[in-house]
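We did not get these values from a lab; they are worked out from the coordinates using the rules stated. Being a predicted model, the structure only gives us computed values, none of them experimental. Note that we place each Cβ from the backbone using ideal geometry, even for glycine, and neighbour counts take in every protein chain shown.
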Amino acid sequence: MCLALAALVLIWMHAFVGDGRAVAAVLLVYTAVIALLWFRPLFPTRPRLRLAVVSWLMLAFVIAVLGLSGKAYSPLINLVLLPLILSALTLGWRMTLIKFLAIAVCYVCLALATPGLEVTTLAFASRAVGTLAPILLAAYLTSTLSADVTEARERIENLAQTDALTGLLNQRAFNEVWRRTHATNKPYALLMIDINQLKSVNDSFGHEAGNEVLNLVAQCLHRSIRATDCAARFGGDEFAILLPSASEEIAAAVVKRIRNIVYKTTLDLRSRMIRCTVSIGVALHPRDARDMRDLLSSADRDMYRDKQLRRAPDTPASA
């Protein structure tokens, strides 16, 4: 942006009668500020705030150049589109509207300072509308397009990270959260959960009924965990839960809560009330293992031991 502005200003400096040294000074100051921000960026952890500062600096530079190159008559008036479009693309419509209002106020101030221009006439009102309306329209269209692109990107990311049937995280997204948690080297618990006798439901009532069971269990898991915990469908009839900073007692309490909520939540299949049960395996980091693969194997072994101990009849229990 700085280079584009510099090129336009340098070209215009040879075409207008004015204080070229003042324009050159403004250009040099702005270039120095942008270079400083490039090498030592402000607010490195807050990119939106940094973009807001940069866009306002850009607008201030453009207004200064307009004031030195013809004021309201300056042919460089369309340069205000650069900071305005930057805001529309990155900062949302509220900041864009505020910036447009600032541009409109500055345009009136420039008009007041323009010799021979009467701001109270109908001619000036027509000129102002003709100048500002296309700028407002460009800002609106850019802001709308940016919002649509952002919404589409969020939908794509959500589809890429969630299981289409249950709405929980998929295995890939869960593994990413798990890796980040594991990298902190803090204690946590990993729960592996398997639905008992789901095959019997599929055989007796059809796969649509099996999907209803999966959704029921997923909702029960969601209600059983804290906001800081993470639940995912791990594939088939298996689920996984990550409990950051969880002790053995906390993990045991969550396991008990999951069993109770799943069993108490009945499913109506062809006028038959079905109760589901789950087998749960628990592995604690770093007590049971320090490696993620070993931890997963430990949780799987514990889950299958639990399944053997709680072996259900051939069909789910009827309420």
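Mind checking the dipole of segment 2-160: about its Cα centre, +1 per Lys or Arg Cβ, -1 per Asp or Glu Cβ, Debye to the nearest 20?
The calculation lands at about 320 debye.
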*So how far apart, in nm, are the two label points at T144 and L49 if each is 7 Å from Cα heading toward Cβ?*
3.3
_Principal axis box of segment 124-167, alpha-carbon based, largest edge first, Å_ = 61, 11, 6
*If you project the alpha carbons of segment 171-318 onto their three principal axes, what span does each projection cover, largest first, in Å?*
49, 28, 25
*Once the Cα atoms of helix 81-90 and of the chain are each reduced to a long axis, what angle between those two axes, in degrees from 0 to 90 to the nearest 10, is obtained?*
10
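Shape verdict for segment 161-238, please, from the Cα gyration tensor: rounded (a/c under 1.5), prolate (a/b greater than b/c) or oblate. If you can, show how the numbers build up before the last one.
Details: a/c = 2.45, a/b = 2.31, b/c = 1.06.
It comes out prolate by the Cα gyration axes.
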*Using alpha carbons only, how many degrees (0 to 90, rounded to 10) separate the axis of helix 171-183 from the longest principal axis of the chain?*
80
*Nearest-ten-degree value, helix 92-112 long axis tilted from longest Cα axis of the chain*: 10
*Around A246, which amide H atoms from residues at least 5 apart in sequence, or from another chain, sit under 5 Å from its own amide H, with H modelled in the peptide plane?*
Y188, A189
_Burial ranking of peptide ranges 278-285, 200-207 (average Cβ count within 10 Å, highest at the top)_ = 278-285, 200-207
*How many percent of the alpha carbon pairs in the chain exceed a separation of 30 Å?*
57
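Return one quarter of the surface area of the convex hull spanned by the alpha-carbon atoms of segment 2-160, equal to its mean projected area, in nm².
Working: hull surface 43.3 nm².
Averaged projected hull area, Cα only: 10.8 nm².
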*Taking the Cβ-Cβ separation of A35 and F124 as r and a Förster radius of 41 Å, what is the calculated FRET efficiency to the nearest 0.05?*
0.60
*For K264, which lysines qualify as cross-link partners when the Cα separation must be under 29 Å and same-chain residues fewer than eight apart are set aside?*
K199, K256, K307
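Taking the Cα centre as origin and putting +1 on Lys and Arg beta-carbons and -1 on Asp and Glu beta-carbons, what dipole magnitude results for the chain, to the nearest 20 debye? Write down the numbers at each step before the final one.
Values: 34 positive and 25 negative charges, 119 e Å.
For this selection, approximately 580 debye.
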*Set Lys and Arg Cβ to +1 and Asp and Glu Cβ to -1, take the dipole of segment 171-318 about its Cα centre, and tell me which of C276, A227, N211 lies farthest positive.*
A227
*Residues whose placed amide H lies under 5 Å from that of N170, excluding near-sequence neighbours*: T162, D163
*Just how large is the dipole of segment 171-318 about the Cα centre, in debye to the nearest 20, putting +1 at every Lys and Arg Cβ and -1 at every Asp and Glu Cβ?*
280
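Quick one: plug the Kirkwood hydrodynamic radius of segment 29-110 (C-alpha pairs) into Stokes-Einstein at 20 °C, 1.002 mPa s, and report D in µm²/s. Could the numbers behind the result be given before it?
Numbers: Rh = 13.3 Å.
Taking Rh from Cα pairs, D becomes 161 µm²/s.
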